[in-house]
Amino acid sequence: MDVASLHDRARTRWAGMTGKLGLGFALVGFLFIVLAWNGAASLDYTQGQIPYLISGGVSGLGLIVLGAALVIAESNRRDRALLEQRLDEMTATLARLSPVATGAAAATAALPAGSVVAGRSSYHRPDCRLAEGRGEEADVLARERAEAEGLTPCRVCKP
């Protein structure tokens with residue numbers, strides 16, 4: 001076994017433990033605070049209560065903060081893993097669909113010279129971004145015929 005596989009196995013084994021450790025630290029912190037309160041409540045003078053409150057209260061509060069930070073870190077890790085999984089799925093879907101999209105663009109780019117793609121009120125060059133995605137339903141006309149039908153040139157591609 002190499003070091004990388006040992007590292008991956010350890011990471012896999014401890015991946016879900018961060019949240020559980022965080023909850024454990026928070027519970028131990030609450031236990032420290034309860035014990036400190038119990039110790040301070042058993043004494044009736046302030047000089048005797050302060051050591052209980054400082055040692056138990058501050059350490060308990062620190063453990064609660066550490067536990068909350070670990071729970072938040074685990075939540076962020078799970079969210080990031082889910083987001084990465086969905087991005088991988090989206091990338092795979094786009095990779096499957098890209099030949100279809102490039103095939104439609106190649107079909108419109110292979111038009112005869114002087115041809116334009118007709119829109120509702122204007123006409124475009126075949127490589128215009130406003131004419132993309134029309135695929136089979138695009139009307140291909142000669143420029144003169146598009147102007148004769150009252151279509152105006154596109155302001156983006158300026159055919």
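The values are calculated or read from the model by the stated rules, or taken from the named source; none is laboratory data. Model, not experiment: these values are computed from the prediction. With ideal geometry, Cβ positions are generated from the backbone for all residues, glycine too; neighbour counts draw on all protein chains shown.
Here are some notes:
- Pairs, first outside the structural domain of Val58 (by TED's automatic domain parsing) and at pLDDT 95 or above in the stretch 10-38, second charged (D, E, K, R) and not in a helix (DSSP H, G or I), C-beta under 6 Å, six or more apart: none
- Residues of the stretch 1-40 satisfying the condition of being surrounded by 10 or more Cβ atoms within 10 Å (Cβ to Cβ) and either assigned to a loop (DSSP other than H, G, I, E, B) or among the aromatic types (Phe, Trp, Tyr) (or both): Trp14, Ala15, Gly16, Phe25, Phe30, Phe32, Trp37
- The sole residue among Leu43, Leu63 that is assigned to a helix (DSSP H, G or I) and surrounded by 10 or more Cβ atoms within 10 Å (Cβ to Cβ) is Leu63.
- Test: Ala92 is small (Gly, Ala, Ser) and at pLDDT 80 or above: yes
- The stretch 53-81 residues that are modelled with pLDDT under 95, paired with ones that are not in a helix (DSSP H, G or I) (beta carbon under 8 Å, 6 or more apart): Glu74/Gly16; Arg77/Ala15
- Residues that are of a type outside the set (A, V, I, L, M) and surrounded by 11 or more Cβ atoms within 10 Å (Cβ to Cβ) within the stretch 46-60 comprise Gly48, Gln49, Pro51, Tyr52, Ser55, Gly56, Gly57, Ser59, Gly60, listed in sequence order.
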